[in-house]
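Nothing in this text is a laboratory measurement; each read-out follows from the coordinates by a stated rule. In this text, all values refer to a predicted model and were calculated from it rather than measured experimentally. A quick note on method: Cβ atoms are made from the backbone with ideal geometry, for glycine too, and the neighbour counts reach across all protein chains shown.
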Amino acid sequence: MSPVTVYARRRAAIAKALRAAGGGIALLPTAPESPRNRDSDFPFRHDSYFYYLTGFEEPASWLAIEASGKTTLLCQPKDLEREIWDGVRLGPEAAPAALGVDAAASVATLSDAMPRLLANQPAVWFPFATHAGLQAQIDGWLGVLRSRVRSGVQSPQSQHDLCVLLDEMRLFKDSHEVAILRRAGQISAGAHVRAMQTSAAGLRGNIGGGLREYHLEAELLHEFRRHGSQFPAYTSIVAAGANACVLHYRAGNAPLLPGELCLIDAGCELDGYASDITRTFPADGTFTPAQRTLYDIVLAAQDAAVKVTQPGKRFTDPHDAATLVLAQGMLDVGLLSKTKHGKVDDVIESGAYRQFYMHRTGHWMGMDVHDCGDYTEPGSKPREEKDALEQMVMKKPPRILRPGMVLTVEPGLYVRPAKGVPKAFWNIGIRIEDDALVTAKGCELMTRGVPVDADEIEALMRG
């Protein structure tokens, strides 16, 4: 199936949903360009929703989808002078054939085109709270229509969040998306392999007077780009030693030292789709006994989570499975006192494990590294349960996993110096993360091109 057909089918699905809801029109802009500083912009990255429906990467563009199925694109007009500076534009004349839309016009006509498209529509759909100023723009266009009411022009009577429709669609990946996600996972896995090998070689040879976090970040970025990735999917985390206990640490200039671990959480973005991998490895290629003890606990937790990442299970089941293993491990190695905290069920009930494991075990992934999609089951009734503060709240049951969903599986342990915590484990931070595609029989880990077993990591780094 050609990409044009893929996007056309998605637009047709939105039109069908509009008809089912009583008709109307959906409006969607791409992301704005963003200035970095004087005379310099950040690299442009399209809006994910817009790209999902068009495959179009140019800025200053809008898409309109009517319940009838008609689609209209507004984009930048051809401008030979600007194209000398900024690159060739597709232009409205070529857009219908290239993108499969029914009509296209210059975005310079936006203020006139939108009231015309909105006229006599029963409802308008657009993404709520995703684009600054979008609500005000639509209000302005509706105001234009209301001023023409005496001439018989009707204004949409209701407004709806387009994300409700798009989030559900994007949660289930089609074959086109899965192929890109697999390739992104392969590229990112190769980058992690390169970083591990660079770390081991650097510490053996003490190249350049010492290896630092930013050296490994450079290796990641090089590997991403040389295989065709357009961007990192997010700011890479390269955390040496105690820095690994900072969950959102950014690669800095801390040195990689023998006897310490390095945690890398990094993934590329390929053709609009993210990957998300975390590996933790000994900077010099050999785990210490204390590091290996905690590492094996985290790996066992991930294995337990992967086993329940399958159709029919709930989104929270992998987290619960991982947390049980981690909590038992904390008791076994003395991170938590059995005398003080009791058995593993007591640790789970009290939340004492959160001292060393304070995040969830996964999230949806796709076009965005933290992708859209409801984490509770649609159509289910709320039920009363305790929240993290032990207060009773009304919550819907967690989402049921189904084939086509993609989520991460990422347990961890983070041991900061504290009274009662064995010093051998101080400043050890470990996380292991892979991207899982839910399949009919279980799940496919799309990022296992980089080793995860401790012995295999050491063998790779020796090589």
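Using only DSSP helix segments of four residues or longer, with each worth -39500 (n - 2.57), what per-residue ellipticity at 222 nm results for the chain after dividing by its residue count and rounding to 500? Display every interim value, and only then the final one.
On the way: 14 runs with 169 residues, N = 463.
-11500 deg cm²/dmol, from helical runs alone.
Suppose the chain between His359 and Tyr214 were pulled fully straight at 0.36 nm per residue; how much longer would it get relative to their current alpha carbon spacing?
On the way: separation 145, 0.36 × 145 = 52.20 nm, distance 2.56 nm.
The His359-Tyr214 span can extend by a further 49.6 nm.
For the charge dipole of the chain, defined by +1 on Lys and Arg C-beta atoms and -1 on Asp and Glu C-beta atoms about the Cα centroid, which residue among Gly100, Ala254, Pro289 has the Cα displaced farthest towards the positive pole?
Gly100
Mind checking the angle between helix 175-205 and the chain's longest principal axis? C-alpha axes, 0 to 90 degrees, to the nearest 10.
Roughly 40 degrees, rounded to the nearest 10.
Could you point to the residue in Tyr353, Ala300, Ala218 farthest towards the positive end of segment 172-462's charge dipole, with +1 and -1 charges on the Cβ of Lys/Arg and Asp/Glu respectively?
Looking along the dipole axis, the top candidate is Tyr353.
Computed FRET efficiency, Cβ-Cβ of Lys340 and Asp374, R0 51 Å: what is it to the nearest 0.05?
Once rounded, the FRET efficiency stands at 0.85.
List the residues, sorted by chain then number, that are 5 or more residues from Asp174 or on another chain and whose placed amide H is less than 5 Å from its amide H.
Those lying under 5 Å, H to H, from Asp174: there are none.
Hey, which lysines would be in cross-link range of Lys419, C-alpha to C-alpha under 16 Å, not counting anything within fewer than 8 residues on its own chain?
Lys338, Lys340
By how many degrees, between 0 and 90 and to the nearest 10, does the Cα long axis of helix 289-307 differ from the longest principal axis of the chain?
Relative to the chain, helix 289-307 is tipped by roughly 40 degrees.
Once both labels are modelled 7 Å past Cα along the beta-carbon direction, what's the Arg402-Trp426 spacing in nm?
Inter-label distance under the simple model: 5.1 nm.
Of the cross-linked pairs Lys381/Lys441; Lys173/Lys441; Lys307/Lys441, which ones have a Cα-Cα span greater than 19 Å in the structure shown?
Flagged as over cut-off: Lys381/Lys441.
Taking 60 Å as R0, compute the FRET efficiency from the Cβ-Cβ separation of Lys386 and Asp174 and round it to 0.05. Display every interim value, and only then the final one.
Values: r = 38 Å, r/R0 = 0.63.
It comes out at approximately 0.95.
Let's see if you can work this out: charge +1 on each Lys and Arg Cβ, -1 on each Asp and Glu Cβ, no other charges. What is the dipole magnitude of the chain about its Cα centre, in debye to the nearest 20?
Numbers: 50 positive and 55 negative charges, 145 e Å.
The dipole magnitude comes to about 700 debye.
Modelled label-to-label distance, Asp320 and Arg150, 7 Å Cα→beta-carbon offset: nm?
That separation, rounded to one decimal, is 6.5 nm.
How far is it, in nm, from the label point at Leu80 to the one at Ala108 when both lie 7 Å from their Cα along the line to the Cβ?
For the pair Leu80/Ala108, the computed spacing is 1.5 nm.
If you build the Cα gyration tensor of segment 3-169 and take the root of 5 times each eigenvalue, what three semi-axes come out, in whole angstrom, biggest first? Don't skip to the end; give the middle numbers.
Working: eigenvalues 136, 70, 52 Å².
Value: 26, 19, 16 Å, ordered largest first.
Suppose the chain between Lys395 and Val164 were pulled fully straight at 0.36 nm per residue; how much longer would it get relative to their current alpha carbon spacing?
Details: separation 231, 0.36 × 231 = 83.16 nm, distance 1.88 nm.
Gain in length upon complete extension: 81.3 nm.
Tilt of helix 134-146 relative to the longest C-alpha principal axis of the chain, in degrees (0 to 90, nearest 10)?
Long axis of 134-146 versus the principal axis of the chain: about 20 degrees.
Find out how many positive minus negative residues lie around Ala195, taking Lys and Arg as positive, Asp and Glu as negative, among other residues whose Cβ is under 12 Å from that of Ala195. Provide the component values of the computation, followed by the final result.
Details: positive: Arg194, Arg279; negative: Glu213, Glu217, Glu219, Glu223, Asp265.
Computed value for this residue: -3.
State whether segment 172-462 is rounded, prolate or oblate according to the following rule on the C-alpha gyration tensor (a ≥ b ≥ c being the square roots of its eigenvalues): a/c under 1.5 gives rounded; otherwise a/b larger than b/c gives prolate, and the remaining case gives oblate.
Working: a/c = 2.07, a/b = 1.13, b/c = 1.83.
Since a/c reaches 1.5 but b/c is at least a/b, the shape of segment 172-462 is classed as oblate.
Compute the FRET efficiency between Ser40 and Glu349 as 1/(1 + (r/R0)^6), taking r as their Cβ-Cβ distance and R0 = 56 Å, and round to the nearest 0.05. Display every interim value, and only then the final one.
On the way: r = 53 Å, r/R0 = 0.95.
My answer for the efficiency is 0.60.
With θ taken as phi - 60° and the coefficients 6.51, -1.76 and 1.60, list the Karplus ³J(HN,Hα) couplings across segment 41-48 in order, rounded to whole Hz; mark glycine and proline as x.
Running phi through 6.51 cos²θ - 1.76 cosθ + 1.60 with θ = phi - 60° gives 9, 5, x, 6, 10, 4, 6, 5 Hz.
Mind sorting Trp125, Trp141, Trp426, Trp62 by how few other Cβ atoms lie within 10 Å of their own Cβ, fewest first? Don't skip to the answer; put the middle values down first.
Details: Trp125 27, Trp141 23, Trp426 14, Trp62 19.
So the ranking, lowest neighbour count to highest, is Trp426, Trp62, Trp141, Trp125.
Using the charge dipole of the chain (Lys, Arg: +1 at Cβ; Asp, Glu: -1 at Cβ; taken about the Cα centre), state which of Gly420, Gly373, Gln157 has its Cα farthest towards the positive end.
Going by the Cα projections, it comes out as Gln157.
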